[in-house]
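The values are calculated or read from the model by the stated rules, or taken from the named source; none is laboratory data. Because the structure is a prediction, the values reported are computed rather than measured. Cβ atoms come from the backbone with ideal geometry, glycine included; neighbour counts cover every protein chain shown. Ligands, DNA and RNA are excluded from the accessible area calculation, which covers all protein heavy atoms including side chains. Shrake-Rupley method; radii C 1.70, N 1.55, O 1.52, S 1.80 Å.
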Amino acid sequence: QLAHNFYQLHAKGLCYCDISEGNVFFDPKSGDILICDNDNVGIDGQSPINVLGTPRYMAPEIVRGEALPSTHTDLFSLAVLNFYMLMVHHPLEGAREAAIHSFDPPAMKKIYGTDPIFIFDPNNDTNRPVKGCHDNALAYWPIYPKFIRDLFIQSFTEGIKDPQNGRVRESEWRQSLARLRDSV
């Protein structure tokens, strides 16, 4: 439902600008998803921007100051939220984050903006999860099927390098998450 709700929003030419765990409610009885804090919604590319996003969820190009929130940056934030839900961890927090002694704004800008590296990037192992520090990521990653892991790999490798063409669309998330649910 999360991907479906953002699909409906984006299909109307709107962007959310601040997708994060704090702006989504989940009904544990029905499974329904409710998107809240709707003053973050604007017309994609046209509305004045009131908020850039929530740290750790913002697309790297926003963190670097190269872009404003849009449907393309929403897709990155949606992928981060999906990763958090399934892996109970952030996709960019690995060995490089664990080595930082003071996680101050410059360090955050490097990890999430200027030099983001996916913890399971198949071509770059410099930011792998650290045992004893990132145990959720290490435990959950291997239990998910390849088709889910492939979406995360695309989101946090090609989706970072080429935001306009490399990001996973809501329809892909909907299809794959429905397939995941059906395979349980």
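Miscellaneous remarks
- Out of Leu78, Leu86, Leu138, one residue alone is surrounded by 13 or more Cβ atoms within 10 Å (Cβ to Cβ), touching a Lys or Arg at 6+ places or on another chain (Cβ under 8 Å) and among the aliphatic types (A, V, I, L, M). It is Leu138.
- Unmet criterion (only one of (1) closer than 25 Å to Gln8 by Cα; (2) touching a Gly at 6+ places or on another chain (Cβ under 6 Å); (3) open to solvent by 50 Å² or more (accessible area, probe 1.4 Å)) for Arg64: (1)
- Residue among Arg96, Arg56 that alone is basic (Lys, Arg), in contact with a Phe, Trp or Tyr (Cβ under 9 Å, 6 or more places away or on another chain) and under 24 Å from Arg149 (Cβ atoms): Arg56
- Which numbered condition Met87 misses (of (1) without any contact (Cβ under 8 Å) to a residue 40 or more places away in the chain; (2) under 15 Å from Ser155 (Cα atoms)): (1)
- When the residues of the stretch 109-135 are filtered to those that are surrounded by 13 or more Cβ atoms within 10 Å (Cβ to Cβ) and in a helix (DSSP H, G or I), the one that is nearest to the chain's Cα centre (by Cα) is Tyr112.
- One residue stands out in the stretch 7-62 among those that are in contact with a helix residue (DSSP H, G or I) (Cβ under 8 Å, 6 or more places away or on another chain) and at positive phi: the one that is modelled with the highest pLDDT, namely Arg56.
- Taken over the stretch 83-106, the criterion of being farther than 30 Å from Leu177 by Cα and either in contact with a helix residue (DSSP H, G or I) (Cβ under 8 Å, 6 or more places away or on another chain) or not hydrophobic (A, V, I, L, M, F, W, C) (or both) is satisfied by Ile100, His101, Ser102, Phe103, Asp104, Pro105, Pro106.
- Members of the stretch 23-33 that are under 14 Å from Leu81 (Cβ atoms), touching a Phe, Trp or Tyr at 6+ places or on another chain (Cβ under 9 Å) and surrounded by fewer than 18 Cβ atoms within 10 Å (Cβ to Cβ): Ile33
- Among the residues of the stretch 145-184, the ones that are open to solvent by less than 80 Å² (accessible area, probe 1.4 Å), within 23 Å of Arg56 (Cα to Cα) and not in a helix (DSSP H, G or I) come to 6 in all.
- Residues in the stretch 144-184 that are among the aromatic types (Phe, Trp, Tyr) and free of Cβ contacts under 8 Å to residues at least 40 places away in the same chain: 1 in all.
- Residues that are open to solvent by 30 Å² or more (accessible area, probe 1.4 Å), closer than 30 Å to Leu9 by Cα and within 17 Å of the chain's Cα centre (by Cα) are absent from the stretch 89-106.
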